[in-house]
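*Asks:* Take this structure, written in structure tokens, and hold onto it; I'll ask about it next.
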There are 2 protein chains.
Amino acid sequence: MSLLNMPFKALSDPTRRKIIQMLKEKDMTAGEIADNFSMAKPSISHHLSILKQAQLVIDERKGQNIYYSLNTTVFQEVVNWFFNIKGRSGGFENEEDKI
Amino acid sequence: MSLLNMPFKALSDPTRRKIIQMLKEKDMTAGEIADNFSMAKPSISHHLSILKQAQLVIDERKGQNIYYSLNTTVFQEVVNWFFNIKGRSGGFENEEDKI
DNA sequence: AATATAATTAGACATTTATCTAAATATCTA
DNA sequence: TAGATATTTAGATAAATGTCTAATTATATT
């Protein structure tokens, strides 16, 4: 699988995008994340696993809990794909903002 | 389906991302696009249909041909999602480049 | 009008995906 | 060590996805 394919597939699911948005605010345990959804915990665990495989998140066990946090590196690569499409304008309105 | 879900799903397939990259360079007919893949034409037609539903591309018939082109508006909305996650830094290295 | 070309639609099929419940693993605490 | 809590893994299943061939639609040409 290509480098970008896994993160793109991972981001194609709304639950996983919501998780990413939550982790933007703060690191969270699997349980805290699951509490924000009306979905069985194993389902969330599965989503976290896909985000982890895509290297969009990092996990670290602390005692009984496993904390999840964003891995901005792979994020940047996906963003770069869009920048490349848009001629590196990145959506800025002014010419000065372009690279 | 949420506004962003369709484009995200559409971009989760590598063939469709390749099509987007091709359309970045120039507008193309369905046939020209299909010639770049070792895939049956109806399969490409299906991919184009998904990109069209997601409003990532626009189609226009000219005689026997149907020309496809990028619709940057919806693109921008997807880019904005990433900007929002990344605190609107957009991946620029320098503070000055931020909005 | 008949034929050729460009593209889509229809329908079938195998694979992948998202979800669930039940069971297993890991850690903490009494 | 036994029990409680947090999380994952296993296995099942329904729905979605990507691909194909065959048929259809739309346009152009002779």
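*Asks:* For A:His46, work out the one condition from (1) in contact with a strand residue (DSSP E or B) (Cβ under 8 Å, 6 or more places away or on another chain); (2) near DNA strand D (Cβ under 9 Å from one of its atoms) it doesn't fulfil.
*Replies:* For A:His46, the failing item is (1).
*Asks:* What number of residues within the range B:40-57 satisfy the criterion of being open to solvent by 70 Å² or more (accessible area, probe 1.4 Å), closer than 13 Å to B:Thr15 by Cα and touching a helix residue (DSSP H, G or I) at 6+ places or on another chain (Cβ under 8 Å)?
*Replies:* Summing the residues that are open to solvent by 70 Å² or more (accessible area, probe 1.4 Å), closer than 13 Å to B:Thr15 by Cα and touching a helix residue (DSSP H, G or I) at 6+ places or on another chain (Cβ under 8 Å) in the range B:40-57 gives 1.
*Asks:* A further question follows. Working only within the range B:15-35, note down all residues that are more than 13 Å from DNA strand D (Cβ to nearest atom) and either open to solvent by less than 80 Å² (accessible area, probe 1.4 Å) or free of Cβ contacts under 8 Å to residues at least 40 places away in the same chain (or both).
*Replies:* Of everything in the range B:15-35, those that are more than 13 Å from DNA strand D (Cβ to nearest atom) and either open to solvent by less than 80 Å² (accessible area, probe 1.4 Å) or free of Cβ contacts under 8 Å to residues at least 40 places away in the same chain (or both) turn out to be B:Ile20, B:Gln21, B:Met22, B:Leu23, B:Lys24, B:Glu25, B:Lys26, B:Met28, B:Glu32, B:Asp35.
*Asks:* Please return the ranges of helices (runs of 4 or more DSSP H) entirely within the range A:16-99 where 1 or more residues are in contact with a Pro (Cβ under 7 Å, 6 or more places away or on another chain), modelled with pLDDT under 95 and among the β-branched types (Val, Ile, Thr).
*Replies:* Counting at least 1 such residues, we get A:72-85.
The values are calculated or read from the model by the stated rules, or taken from the named source; none is laboratory data. Bear in mind the structure is a predicted one, so any value in this text is a computation, not a measurement. Cβ sites come from the backbone with ideal geometry, for glycine too, and all protein chains shown count toward neighbours. Ligands, DNA and RNA are excluded from the accessible area calculation, which covers all protein heavy atoms including side chains. Shrake-Rupley method; radii C 1.70, N 1.55, O 1.52, S 1.80 Å.
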